[in-house]
Each structure stands twice: as structure tokens, then as C-alpha cells.
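Let me begin by presenting the structure, written as C-alpha cells, before commenting on it.
The values are calculated or read from the model by the stated rules, or taken from the named source; none is laboratory data. Quick caveat: nothing in here was measured; it's all calculated off a predicted structure. No Cβ is skipped: glycine too gets one built from the backbone with ideal geometry, and neighbour counts run over all protein chains shown. The area values use the complete protein model at the heavy-atom level, side chains included, leaving out ligands, DNA and RNA. Shrake-Rupley method; radii C 1.70, N 1.55, O 1.52, S 1.80 Å.
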Amino acid sequence: MEEPVKNDVPLMSPGLAETVESFSLMFEQFGFPRMGGRIFAFLILTERPYVTQAELTDLLQASTGSVSTMIRLLETLGFVERVSLPGHRRDRFRVHPDPLVEMSKRRIEGAIHMIDIIEKARHNKEIGPLATERLERAESYYRHFHVEMELALVRWLEANPLPEHEVADE
């Protein structure tokens, strides 16, 4: 039988629950599922180093499937990372040390990928002038986004380095 991991910090107070809900509503306004916002908010706000999926399911009074799906989404976005502990079968989850930076890096990578896709589409002989015009505008946008986002990220990281205790955990 798996030995429990000592995690002495309590899960969630009523005040924390209210803040988690506020985060989740804002997350929803950005087009993400509210449950994803709840999980992300809890992981940002907790003092616990990590939590299991079962703990999140109990804590948020959600279905296992919903929590599992949202964890995968949050991992894809770069907000959450999976932690495996030696001798334990269950994965644990924690907020990425710098989730917004990680998300920004992934958006930059996505913009680069979109530029490649658009360039290939523009060479397709079946694409007409109207579609070509749309693709050129989209390509221009992604090229601009890519350059400006990278510059903004570099400047922000220079002004806001990750705290030492977070760097050591990565």
C-alpha cells in the first residue's frame, strides 16, 4: 500500500474558496472552463507544495473526469506541472513556477508554427485572391505578435527575475 505523503498545510479556508471562485469566473471570461480556473487558482493560492487529483476532486467537489480533463488542459497551457514522487504511484500537481511566462513562451511557439502553416497555405495553387489576402494579413499579424511578444517577455524577465526558491524547484 502506498504510504501517504506528509502535506501538513490545510486544503482550503472559506476565504480562500471565495478567492478561488473569483479567479475561476475571470478565467471563464477568457474562454476557459470555470473548473480549469478553480484548479489553477487553488494551485496558485495554496501553500501546499502539490496536491493529488483526488484531493482536487474532493476539495472542488468535482467529478474525477472533469478534474482530469482540466489538469491536462492546464498542463498544455503551461500553468500546471505534474510531479512524480519516488515510491508513490499517484502523480501530484503544482502550479508551474512561472505559469504566465510559460504560457507566453507557448503562445510565441504557436505563432511561429502558424507562420509556417500560413506560408505553406499561401503556396497552394487552389487558394484564390481573397483567401490569399486573408492569409497575408494573418501572417503579418503572427509575425508582429511573435516579435513583440518575445521582446516584451525578455524585457519583463529582465525586470522581474524568478525568485531563487522557484528557480531551484524547476
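What is the dipole size for the chain, taken about its Cα centre, with +1 at each Lys and Arg Cβ and -1 at each Asp and Glu Cβ, in debye to the nearest 20? Don't skip to the answer; put the middle values down first.
Numbers: 20 positive and 28 negative charges, 114 e Å.
Approximately 540 debye in magnitude.
Taking only Cα atoms and a 10 Å spring cutoff, compute GNM fluctuations for the chain and point out the largest among H146, H88, H123.
Judging by the Gaussian network model, the answer is H123.
With the full set of protein chains in place, find how many percent of the accessible area of the chain is carbon and sulfur; take the probe as 1.4 Å. Please list the in-between numbers first.
Values: 6140 of 11140 Å².
That fraction is 55 percent.
Counting only Cα, what are the radius of gyration and maximum Cα-Cα distance Dmax of the stretch 95-148, in Å?
Cα-based Rg and Dmax for the stretch 95-148 come out at 14.1, 46 Å.
What percentage of all Cα-Cα pairs in the chain are separated by more than 24 Å?
Details: 7228 of 14365 pairs.
Tail of the P(r) past 24 Å holds 50 percent of the pairs.
Give a quick list of GluC sites (Glu not before Pro) in the stretch 28-93 that DSSP marks as loop, anything other than H, G, I, E or B, with at most 16 other Cβ atoms within 10 Å. Mind showing how you got there, number by number?
On the way: sites: E28, E47, E55, E75, E81; in loops: E47.
Hits after loop and neighbour filter: E47.
Of the chain, which part is the longest with no trypsin sites (Lys or Arg not before Pro) in a loop (DSSP not H, G, I, E, B) and with at most 11 other C-beta atoms within 10 angstrom? All intermediate terms of the calculation are to be shown ahead of the outcome.
On the way: sites that count: K6, R89, K125.
Counting at most 11 other Cβ atoms within 10 Å as exposed, the longest clean stretch of the chain is 7-88.
Determine the relative contact order of the chain: mean sequence separation of Cα pairs under 8 Å and six or more apart, normalised by residue count, in whole percent. Display every interim value, and only then the final one.
Values: 164 pairs, mean separation 27.0, N = 170.
Averaging sequence separation for qualifying contacts and normalising by length gives 16 percent for the chain.
Counting only heavy atoms of protein chains, what accessible area per residue, in Å², does the stretch 78-158 have with a probe of 1.4 Å? Could the numbers behind the result be given before it?
On the way: 5680 Å² over 81 residues.
Solvent-accessible surface per residue comes out at 70 Å².
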